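Scroll down for the structure; my scribbles are underneath it.
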Amino acid sequence: MKMSRSTQRNRCLHEAFFCKGIGAGFFPSLVLLLTVIGGLLSPAAHGEDLDWSSDFRIEGCGGVYVLAEPGELWIEVEKQDLNRIGRKTHVRAIFFGPDRAVLAETYLPFQGQEKGSGAASVQRHRFSVDVPLKGVYGVNITASEDRYGQDMVWGIRTNSPRYLVETSRGHKDERHQEPLVLHGGDQPGAVCFVPRNEALTLDVAGFTGAELQLLDAVGGVIAVIPVGTDGKGQYTVAPSEQRENVPWQLSFSKAQGTINIDGVTRWDGEFRDLSLWSPRASTWFPFYENRWLLTPYTQRRNVAAGESGEVQFELHNNGPASKEVALDLVFPDGQSLDCSLSADTVTMGPGRSASVRVRFVGADVEGQVHLRATTPSGFTTWSTLRVIPGLDAVNAPLDLPLVLQPYRHENAQFGYAPDYPVTEEVYFDNDNRPFILSENGIFTQRDGEWNETSVGKVVNSKIAFDGENDIYMLATSDGNVALEHSQDGGKTFSSTAVPGKGAIELEQFSGHNRPDGPPPIVRYTRTQVDPKLKWRRVHDLDLFVPTKNADGTLSLGEPIRLSESCIGISSHSGIPSTIASRGSKVHVTWGEATEPAVTVPGVPTYVATYDRDSGILSEPALVGYGPPANDVHNTPSITMDSQGYLHVLVGTHGSTFLYARSLAPNDAGSGWTEPEPLGADLRQTYVGFVCGPDDTLHVVFRLWNSDTTYFPASLYASLSYMEKKPGEPWSAPRPLVVSAFSEYSVFYHRLTIDRKGSLFLSYDYWPTYWFYRTDRRETRRALMTSSSGGTDWKLVQAADWSVD
C-alpha cells in the first residue's frame, strides 16, 4: 500500500524511531509523546523490565555519535541477550567526549541463561554529562564472545536532537559489510541514509508481509519495494550526479528483518567503511563530510616548567566541496595555559588536509586548552591539549604490561610524542645509525634531523645493509618490484628490477647474520588458491643471490627454485626472518602446503642451504610441523647465533611455537634437534625472532589469553615476550602490551635489534571493532626498546638512539 507523504511523516513521528533504540529524545517536544507510547522516560524505565515487543532494536555492535549542545546530555543504553548461540554477551558501553576522554563506561552483563532459553530481561544504563562546548559525543558498544553482535540486541535513546548510528561489527577476512538487522517486531520504522551518487542497490530479507517504501530527501516516493513471500526484496537506483548530501529514507511497516544498502552497509566508493544511518532524517547532522575534521582528538605533552613547545593538529575535509574552518582556543573551567594558535582559519579543498600548531609554555602545574574547529554550516567539535610538568612518565621504564585503555593509548597515558617517524620498524646500519621506511621512501637521521628520501612505493618494511654499509630496500619502480640500493647513506638510490610477480622478502639483520654482499631475496609466486580451505595457498619459492658489480650496480642472477609447494608468507606481524646468511652460506626457511586429503600435524617447515661459492643447493631439511595444516599464518622464522648455529621457530596459528636448532654451525643439512614446544598450551601467532650478542634468543608474538584479569569473559590478546638463554629452557611468556578490548586483536608488531644488542619493538594495536578503528586517522604505532636484554622496556625517546 502506498502511503501519502503526510501519513509517512506522522508514522515516522509516532512510531519509526528507536523508541528504545536511538531516538526517544530527538525532539524535546517528543518526550511527552514517547512517555505515552512506551513509558520510556518514566522512573520505572530504570528499575523494571519493559515489554520489548513494541520496541525498535538492532543486532550488531557499533555505537552512536551525538552532536550535543551545551547543557545536560543524557544517553541511555539498553541491551537484551538473545541466548540463541550460547555466548557470554557482556556488553561494554563506553561514553566519550569530543576529545575522546572516556566520561564513563559500564558493562551490561550476561545473565547466565542457557542456549535456547529465549531472550533475557532488558538491562539499561543511563550516561549523563554537562556539556561545556558543542561537539561530537558518542557511545561505543561491544560484546564479549560476540564480536559480530549476533546473540544480543541493543538500543540507545537520548535527549539530543542530533545523532547518528554507526553499525559495525568485528572484522572478517573478507569484504567488509555491516548489514542492519532490525528487531522491532510488528512496529513500523525507518532507516535514513545518505545515498551515494553511483548506482546503489537495496536488499532486504526477513520482511515477510511488510510494506517498504524508498523516499527522497523531501519525502517524495522513489519506489515501493516489492517483497516476496520469502520476505526478500531488492531495488536498484540508477546513478545520478544531482544527489545532495542529504538523507533518503527507507520506511517499512514492520521493523523486523535485515537490510543491505550499497554505500551504507557495503562499500566500493566514497565514505568507505562508514556505516552511518539514523531512524529519522531530522536527527541527521553533517558527520560524513566532517569526519576527522580535527585530529588527534587529544594530545598530551610532558615538559619541564618554563620549557616551550608546540603540537600539531591536523584538519581534514572529508566532504565534496572546499571548506573554510574557523579555529579558536577555549579554556576549560579552572584551567589555564600560556599558549597561542598558528592560524585562526584554514581553507581546504575536498579530500585535502592541513595542519595547525598550538604553541605553549610549560608551568609547575598541569594546563589544558581546547582547540575548537567550526565550519560555516555550524558543525563544531574540539580537541584537547594537556601540558603536564615533568618528564618521568615518558622517560621511565614501563610498569609492564602496558595496559591499553579505550581511547587512552601511549600518548594519553604517558605523554609519548615521538620526534622520530613511526611509520614502520627501525633498522640499524653497521655504525648503529637508525633507518625507518616511509610509505614512499626511507627516513634517515642526518645532523640530528630526520630526512626522507623518496624512492617509490615501499612494498616491504625491511631494510638491509651489506659489509660496506650500503643500504637495500624493496619498492616499486615502473610498476615492478625493485631492489633499491644506496651507496651514500640513503641520499640517493638506484633500482634493479626483480623479475616475475609475487611477494618479495629480503634478508634483514637479526643478530649475527652478516652478508658481505647484497642481501639475498626470495620471491613467492602464487600458483594456486584453494576455494575450500581459506588459508591454503600454493606458491613457487625462488631464491635470488644478488652480486655487486665493479661499478656499483647489481646483478640479481638467475632464480634458484626452492619449492613448488610453498604455502607463502604472513609478514604483516612479527616480520619473520626468512633468510639468514654468513660467508658463502645462505639459509632459507619456509612452510609448505600439503594435500588436504593427507593428514599431517601441521604446516611442514623446511630449511635449505645454498652455497654462493659452489652454487650447490642442499636438500630441504624438515625441522617440524606448525599446526594447523595448510595455514599461511604459520610462517617460520630463522636466525643464527655467534657460533653460526641456526635457530628456527616453527610458526603456528593459535598453537604453541616449536623450536629447533641445527646440529652443525652454518649448515642446514647436518641434522636438527627434535622440535620442542616453547611452553605448555600457548596460543601463539606471528613470530618476531632475533638473537642477542650473548646468544640469548628473543621472541615476541601475539598470545591469546582467557583469564578474567582485564575482561569479564572471552579471549583477549597480549603482545608477549619470551627468551631462551644458552643452555636454558624458554622463559614463561611475559605480556608487554594488553589490548584495550577483548575479542580479536592484532598488534602488527615487528621486533628488531641494533648492533649493540638493544631490542626495538614496533607495534600498532588494531582491535576487531570497526567503530573504534575508523574513528581516528593518525597511526597508533609506537616503539619501545630494551637495552637490558628484554628485562626492562621503555618507550623510545631521542636519547635512546645509540650511535657509535
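The values are calculated or read from the model by the stated rules, or taken from the named source; none is laboratory data. These numbers were taken from a predicted model, which means no experiment stands behind them. Quick reminder, even Gly has a Cβ in these numbers, built from the backbone with ideal geometry, and neighbours come from all protein chains shown. All accessible areas refer to the heavy atoms of the entire protein, side chains included, with ligands and DNA or RNA removed. Shrake-Rupley method; radii C 1.70, N 1.55, O 1.52, S 1.80 Å.
Worth a mention:
- Count of the stretch 65-97 residues which are farther than 28 Å from ALA119 by Cβ and open to solvent by 10 Å² or more (accessible area, probe 1.4 Å): 5
- Test: residue in the stretch 430-451 that is outside any strand (DSSP E or B) and more than 30 Å from ARG301 (Cβ to Cβ): yes
- Residue match in the stretch 482-491 (condition: open to solvent by 20 Å² or more (accessible area, probe 1.4 Å) and outside any loop (DSSP other than H, G, I, E, B)): no
- Scanning the stretch 786-796 for residues that are more than 22 Å from the chain's Cα centre (by Cα), open to solvent by less than 30 Å² (accessible area, probe 1.4 Å) and within 13 Å of PRO397 (Cα to Cα) gives SER786, GLY790, TRP793.
- For the stretch 148-182, filtering for residues that are more than 23 Å from GLU69 (Cβ to Cβ), touching a residue at least 12 places away in the same chain (Cβ under 8 Å) and of a type in the set (Asp, Glu) leaves 3.
- The stretch 117-147 - residue that is in contact with a Ser or Thr (Cβ under 6 Å, 6 or more places away or on another chain) and in contact (Cβ under 8 Å) with a residue 60 or more places away in the chain and, of those, farthest from ALA740 (Cα to Cα): LYS134
- Consider the stretch 557-592 and keep the residues that are more than 17 Å from ARG750 (Cβ to Cβ) and not in a strand (DSSP E or B). The one that is nearest to the chain's Cα centre (by Cα) is GLY568.
- Any hit, the stretch 5-17, residues being crowded, with 24+ Cβ neighbours inside 10 Å and modelled with pLDDT under 95: yes
- Against the list (1) at negative phi; (2) open to solvent by less than 10 Å² (accessible area, probe 1.4 Å), the condition PHE443 fails is (2).
- Where a residue in the stretch 86-104 is of a type in the set (Gly, Ala, Ser) and at pLDDT below 95 and its partner, wherever it lies, is open to solvent by 20 Å² or more (accessible area, probe 1.4 Å) and outside any strand (DSSP E or B), with Cβ under 7 Å and at least six apart: GLY86/LYS115
- Pick from the stretch 213-271, criterion among the hydroxyl-bearing types (Ser, Thr, Tyr), without any contact (Cβ under 8 Å) to a residue 40 or more places away in the chain and over 15 Å from PHE193 (Cβ atoms), ranking: surrounded by the most Cβ atoms within 10 Å (Cβ to Cβ): THR236
- All told, SER762 meets the bar of being in contact (Cβ under 8 Å) with a residue 24 or more places away in the chain, part of a strand (DSSP E or B) and farther than 22 Å from GLY679 by Cα.
- The set of residues in the stretch 52-81 that are in contact with a strand residue (DSSP E or B) (Cβ under 6 Å, 6 or more places away or on another chain) and assigned to a loop (DSSP other than H, G, I, E, B) comprises PHE56, ARG57, GLU59, GLY60, PRO70.
- Of all residues in the stretch 602-625 being open to solvent by 70 Å² or more (accessible area, probe 1.4 Å) and closer than 15 Å to GLU674 by Cα, the one that is farthest from the chain's Cα centre (by Cα): LEU622
- Answer from SER128, SER144 - the residue that is open to solvent by 40 Å² or more (accessible area, probe 1.4 Å), of a type outside the set (Lys, Arg) and modelled with pLDDT of 95 or more: SER128
- Matching residues, the stretch 161-174, being open to solvent by 10 Å² or more (accessible area, probe 1.4 Å) and either among the β-branched types (Val, Ile, Thr) or in contact with a strand residue (DSSP E or B) (Cβ under 7 Å, 6 or more places away or on another chain) (or both): ARG162, ARG169
- On inspection, GLU270 does not qualify as modelled with pLDDT of 95 or more and acidic (Asp, Glu).
- Complete set of residues in the stretch 377-399 that are at pLDDT 95 or above and surrounded by fewer than 16 Cβ atoms within 10 Å (Cβ to Cβ): PRO397, ASP399
- Scanning the stretch 626-645 turns up no residue that is free of Cβ contacts under 8 Å to residues at least 40 places away in the same chain and closer than 20 Å to PRO519 by Cβ.
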